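Just so you know, all these numbers are worked out from the coordinates, no wet-lab data involved. Please read all numbers here as calculations on a predicted model, not as lab measurements. For neighbour counting, all protein chains shown are included, and Cβ atoms are generated from backbone atoms with ideal geometry for every residue, glycine included.
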Amino acid sequence: METSRIADIIEIEQLLARYAVGMTKDDVDAVVAVFAPGGTYSAFGEKYGVDDFPELVAAAPKGLFSVGTPAITFEGEDSARGEQPLCFVAQHDHSMRIGWYTDTYTRTREGWRLRTRAMTFLRRSGARDSGRPHDPLRPAPGQKSTS
């Protein structure tokens, strides 16, 4: 593997580690910082833009975001795709959610950033889905808090 690709992989892995630590620490600024301008997060039947993150992160359960090493495929000098396993442990009762992220990455002037991140949950039933869209506590994309 080329030395430049090894450096790219390490940079992307650190980017994804900052996402997981930011989510674990409830640090929305750190989470937003790992996304490219116009970046999106998809789950729960919705696609959320970076501007939606403060409300989305505020509504998310708090706990530990434990992630595995991502599998990354480069699609050119400045773009890549990847998948990363996730085990989320809720702080209040230690219940778990497991699944994986499907990502696209882009190289920006600031370095590698997430362009898209989509969540797939693994259910006890054996089902795989992007989450339940009907949670009344989760904001809809583009919905700003009035409080």
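By DSSP, what percent of the beta bridges with both residues in the range 3-129 are antiparallel, rounded to the nearest 5?
Values: 37 of 41 bridges.
Looking only at bridges with both residues in the range 3-129, the antiparallel portion is about 90 percent.
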Can you tell me how much longer the chain between T102 and R123 gets when fully stretched, taken as 0.36 nm per residue apart minus their C-alpha distance, in nm with one decimal?
-> 5.9 nm
Nearest 20 debye, what's the magnitude of the dipole of the chain about its Cα centre given +1 on Lys and Arg Cβ and -1 on Asp and Glu Cβ?
-> 440 debye
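Counting other Cβ atoms within 10 Å, which GluC sites (Glu not before Pro) in the range 1-64 have at most 13 and lie in a DSSP loop? The partial results should precede the final answer.
Numbers: sites: E2, E11, E13, E46, E55; in loops: E2.
Sites meeting the loop and neighbour criteria: E2.
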Per DSSP, the loop-located trypsin sites (Lys or Arg not before Pro) within the range 1-109 having at most 15 other beta carbons within 10 Å are K25, K62, R109
Nitroxide proxy distance, nm - points 7 Å out along Cα→Cβ at Q14 and H94 | 3.4 nm
Once the Cα atoms of helix 3-24 and of the chain are each reduced to a long axis, what angle between those two axes, in degrees from 0 to 90 to the nearest 10, is obtained?
-> 20 degrees
